[in-house]
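The values are calculated or read from the model by the stated rules, or taken from the named source; none is laboratory data. Since the model is a prediction, treat every value here as computed from it, not as a measurement. Neighbour counts run over all protein chains shown; Cβ positions are idealised from the backbone, glycine included. Side chains are part of the model used for accessible areas, which takes the heavy atoms of the whole protein and leaves out ligands, DNA and RNA. Shrake-Rupley method; radii C 1.70, N 1.55, O 1.52, S 1.80 Å.
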Amino acid sequence: MSNLREISLEEVAKHNKDDDLWIVVDTLVYDLSKFYKLHPGGMAVLLDNKIAGQDATTAFFSLHRTEVLHKPAYKRLVVGQLPKSSSKGQQFLPPKEDEVSKVPYGEAMWLSPGFHSPYFNDGHRKFQKAVRGFMRSVVLPDALACEENGKRASQTVLDALAEKNIIAMRFGPGPHLKGLTLMDGTVTPETFDFFHESILTYELGRMGTRGYFDGLLAGGVIGLPPVLNYAPKELKERVTKEVFSAKKFICLAITEAFAGSDVAGLQTTAILSEDKKEWIISGTKKWITNGTYADYFTTACRTGQGDDTSLTVILIPRGDGVDTKAIKTSYSSTAGTAFVTFDRARVPVENTLGPVGKGLKVILQNFNHERWMMNCISAGSMRLVVEECLKWSNQRYVFGKPLASQPVIRHKLAAMIARVESVQAWLENVTFQMTQMSHAEQSDKLAGQIALLKMYITRCGQQTAEDAAQVFGGRSLTQTGMGRVIENYRRTAAFDAILGGVEDVLGDLGVRQAVKKMPPNVRL
């Protein structure tokens with residue numbers, strides 16, 4: 001807009017009537033003469049003598065997000081700009097797609113200018129920049145649309161994720177990345193580590209669309225590892241290729257309405273056919289993420305007879321005897337949460353994942369990574385909320401002063417900042433330990449740490465959601481506009497406190513792990 005004609009405030013002031021209405025926002029002059037009747041907030045707001053023909057910048061940003069000004073429908077209303085001699089030019093430009101926030105505590109410390117990290121290097125920073133640019137430009141528009149309409153993530157976005165091999169990277173470092181070009185070569189398969197993976201998940205969390213995050217193949221992140229670790233070679237290669245290319249989708253089907261988190265109490269059964277070539281599976285699964293559109297179900301089944309409660313994990317393809325129904329939850333249906341019914345579904349015995357009767361080991365091996373992933377998404381979401389609250393309290397005026405001038409607001413901000421920084425520090429430490437340990441060592445030493453961290457993060461998240469709601473007031477109840485991020489976060493923060501293990505169960509697990517490792521010869 002560098003070629004706009006210059007218009008003085010004196011000239012703008014002459015246009016203050018309903019049929020001739022101009023205002024100034026961030027040095028740009030807008031002609032609202034034809035728009036004001038369509039204004040969602042009503043005509044009276046724009047005809048107020050403090051708005052019509054005036055510089056309405058402060059009033060505008062008390063009611064609207066910056067992104068509103070950059071929608072094509074509103075950019076067309078610009079007719080000029082204030083003289084350069086009397087203004088500093090536009091001050092409130094939207095950030096570049098790959099830009100980090102300049103808001104204090106709006107980013108993890110390792111991303112903030114002037115700060116240092118023992119964990120993240122320049123390669124991680126380069127990777128983060130590429131990921132954020134991709135997420136904001138390609139994924140975020142689809143995320144906002146799907147959060148509202150409840151549809152699955154668009155195939156266009158899924159194909160773009162596959163092209164960058166983001167889907168493959170979400171399963172962490174390992175041999176499954178060999179030979180792949182990751183994020184256009186930003187990182188190699190050999191140097192990709194858990195910090196790179198944490199960046200991917202963290203950036204997804206910063207979009208503020210919790211249902212969409214789970215819809216963006218979160219079910220696959222927990223459903224495919226048993227295939228990678230236990231499936232016969234031909235089955236593993238075929239299914240992995242289909243999932244990594246976003247041609248087919250997979251989910252983890254363990255939880256049942258009757259059993260809940262009690263894995264040993266599962267009632268879905270798998271019985272061998274007379275010729276021993278097929279499993280015949282009957283039962284139901286509930287709250288299955290991505291289940292409504294999954295092509296494969298990594299399913300825990302009871303294969304023992306009588307008092308034998310032995311479990312076996314079986315990969316069940318969608319087909320005859322498999323039915324799914326959507327479950328309405330408090331976050332968007334884009335997550336694909338499903339009730340799954342198996343009615344004598346027949347599956348080749350070659351689809352058995354791991355030894356028969358040893359399914360509990362297969363299931364438990366998956367938990368640490370799942371919970372760590374959820375810690376990353378929770379940390380990213382919480383960080384975004386802190387940034388939103390700092391911005392809002394700085395630009396929102398009440399009683400003639402910024403909201404941040406109120407001691408009670410500053411107290412809430414202090415608590416939110418302290419929580420997110422403590423969460424970040426613990427998460428980075430655990431992630432570093434993961435980079436130094438084998439999978440067996442992680443299972444032995446980090447199960448309790450990750451469980452306690454998840455309990456802590458989700459409790460911090462719910463407290464932060466309540467504080468943020470008080471900072472934003474009524475806007476925290478609306479799904480669009482200024483409070484969009486806060487409303488979504490407050491409505492969905494409890495999901496992380498339940499999915500992957502409820503807080504009390506995980507806290508108990510962490511303490512039991514500690515008691516188990518207590519030296520026998522220590523005394524006060």
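Below are the figures for this structure:
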item: Highest-first arrangement of 48-54, 67-73, where packing means the average Cβ count within 10 Å; result: 48-54, 67-73
item: Separation of the Ser282 and Val515 label points, Cα + 7 Å toward Cβ, nm; result: 4.1 nm
item: Ordering of 388-396, 370-378 by burial proxy (mean other Cβ atoms within 10 Å per residue, highest first); result: 370-378, 388-396
item: Hz values of 3J(HN,Hα) by residue in the stretch 96-108 - Karplus curve (6.51, -1.76, 1.60), Gly and Pro given as x; result: 5, 4, 9, 7, 8, 6, 9, 6, x, 6, x, 9, 4
item: Residues of the chain: accessible area per residue with a 1.4 Å probe, Å²; result: 48 Å²
item: Cβ-Cβ FRET estimate between Ala257 and Val79, R0 fixed at 51 Å, reported to 0.05; result: 0.25
item: Difference of contour (0.36 nm per residue) and Cα-Cα distance, Glu350 to Ser137; result: 72.5 nm
item: R0 of 22 Å, Cβ-Cβ distance Asp320-Lys247: FRET efficiency to nearest 0.05; result: 0.55
item: Identified option (computed Rg and Dmax of the Cα atoms in Å; candidates (1) 23.1, 73; (2) 40.7, 146; (3) 26.3, 91); result: (3)
item: Estimated distance in nm for a label pair at Glu10 and Val505, the labels positioned 7 Å out from Cα along Cα-to-Cβ; result: 7.3 nm
item: Mean Cβ count within 10 Å, highest first, over the residues of peptides 112-125, 452-465, 314-327; result: 452-465, 314-327, 112-125
item: Computed [θ] at 222 nm, deg cm²/dmol, the chain (DSSP H ≥ 4; -39,500 (n - 2.57); rounded to nearest 500); result: -13500 deg cm²/dmol
item: The stretch 130-247 - percent of accessible surface contributed by carbon and sulfur, probe 1.4 Å; result: 54 percent
item: Paramagnetic reach from Ala494 (point 7 Å along Cα→Cβ, amide N under 13 Å) across the stretch 429-467; result: 462-463, 466
item: Carbon/sulfur fraction of accessible area - the stretch 307-444, other protein chains in place, 1.4 Å, %; result: 55 percent
item: DSSP-defined beta bridges in the chain - what % are antiparallel, rounded to 5; result: 85 percent
item: Spin-label zone in the stretch 348-372 - amide nitrogen under 13 Å from a point set 7 Å from the Cα of Arg238 along the C-beta vector; result: 348-352
item: Sum of side-chain charges, Val511 neighbourhood, beta-carbon under 13 Å (Lys, Arg +1; Asp, Glu -1); result: 0
item: The stretch 307-399 - percent relative contact order, Cα under 8 Å, separation 6 or more; result: 30 percent
item: Relative contact order of the stretch 52-170, pairs being alpha-carbon contacts under 8 Å that are 6 or more residues apart, as %; result: 16 percent
item: Paramagnetic reach from Ile271 (point 7 Å along Cα→Cβ, amide N under 12 Å) across the stretch 318-360; result: 344-345
item: FRET efficiency for Asn3 and Lys34, using Cβ-Cβ distance with R0 set to 30 Å, rounded to 0.05; result: 0.85
item: Additional length obtainable on full extension of the chain from His439 to Glu190, 0.36 nm per residue less Cα span; result: 87.9 nm
item: Two-site label geometry, Gln91 and Glu148: point separation in nm, points 7 Å out along Cα→Cβ; result: 3.0 nm
item: Mean Cα-pair separation over length for the stretch 407-486, i.e. relative contact order, pairs under 8 Å, 6 or more apart, %; result: 29 percent
item: Distant-in-sequence amide H partners of Leu353 (H built 1.01 Å from N, under 5 Å); result: Val313, Ile314, Leu315
item: Subset of Lys126/Lys391; Lys358/Lys516; Lys276/Lys358; Lys75/Lys412; Lys178/Lys248 violating a 28 Å alpha-carbon distance limit; result: Lys75/Lys412
